[in-house]
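K.L.:
Pasting in a structure now, in structure tokens, and then I'll have a few things to ask.
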Amino acid sequence: MEKARVQYAETYRVRHFEAQEAAWRHATRLTEYVTAARTRIETMPPGRTRTEAEAWINWAEATAERLDPLNTPLRMPIIPEPQANDLKPFLGHWNPYGP
């Protein structure tokens, strides 16, 4: 059971790591879009359309920053206490409920 708990924790960390990487890529793509949109907005004439576009892109930029996991403290994830079913994939032919 202890070996299964260790494997469960490692799998949990890997999934968390992969989720952070995916969130980072997503935020990076959004940031690239914001940069391109700002370049487009700079070519717009002054007026209501430009003002609305600037408001939109300011919101989008703040959102991309908030979604980027690198803008939060990096640390090991807290591993939740596994339930019996969580350990099943790591027990082979053993039953997590006992012999």
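K.L.:
Report, by residue number, each residue of the stretch 1-35 that is in a helix (DSSP H, G or I) and over 25 Å from the mean Cα position of the chain (by Cα).
P.N.:
Within the stretch 1-35, E2, K3, A4 meet the criteria.
K.L.:
Follow-up. When the residues of the stretch 5-32 are narrowed to those that are hydroxyl-bearing (S, T, Y) and within 17 Å of N71 (Cβ to Cβ), which ends up surrounded by the fewest Cβ atoms within 10 Å (Cβ to Cβ)?
P.N.:
Only one residue fits best here, namely T28.
K.L.:
List the pairs whose first member sits in the stretch 13-36 and is among the small types (G, A, S) and modelled with pLDDT of 95 or more, whose second member is surrounded by 14 or more Cβ atoms within 10 Å (Cβ to Cβ) and outside any helix (DSSP H, G or I), and whose Cβ atoms are under 6 Å apart, counting only residues at least 6 apart or on separate chains?
P.N.:
Note: pairs meeting the criteria are A27/D68.
K.L.:
Looking at P45, P77, P73 in this structure, which one is surrounded by 12 or more Cβ atoms within 10 Å (Cβ to Cβ) and outside any helix (DSSP H, G or I)?
P.N.:
P77
K.L.:
Which one of these is surrounded by 15 or more Cβ atoms within 10 Å (Cβ to Cβ), out of contact with any His (no Cβ under 6 Å at 6 or more places or on another chain) and either among the basic types (K, R) or not in a helix (DSSP H, G or I) (or both): R66, R50, R38?
P.N.:
Only one candidate passes the filter, namely R38.
K.L.:
List pairs: first residue in the stretch 81-96 and over 12 Å from E2 (Cβ atoms) and free of Cβ contacts under 8 Å to residues at least 12 places away in the same chain, second residue part of a loop (DSSP other than H, G, I, E, B) and not β-branched (V, I, T) anywhere in the structure, Cβ distance under 6 angstrom, at least six positions apart or on different chains.
P.N.:
Between residues of the stretch 81-96 that are over 12 Å from E2 (Cβ atoms) and free of Cβ contacts under 8 Å to residues at least 12 places away in the same chain and residues that are part of a loop (DSSP other than H, G, I, E, B) and not β-branched (V, I, T), the close pairs are K88/P96.
K.L.:
A further question on this structure: Given the structure, is E61 of a type in the set (D, E, K, R), in contact with a Leu (Cβ under 9 Å, 6 or more places away or on another chain) and surrounded by 11 or more Cβ atoms within 10 Å (Cβ to Cβ)?
P.N.:
When the stated conditions are applied, E61 passes them.
The values are calculated or read from the model by the stated rules, or taken from the named source; none is laboratory data. This one's a predicted model, so the numbers in the text were calculated from it and none came from an experiment. With ideal geometry, Cβ positions are generated from the backbone for all residues, glycine too; neighbour counts draw on all protein chains shown.
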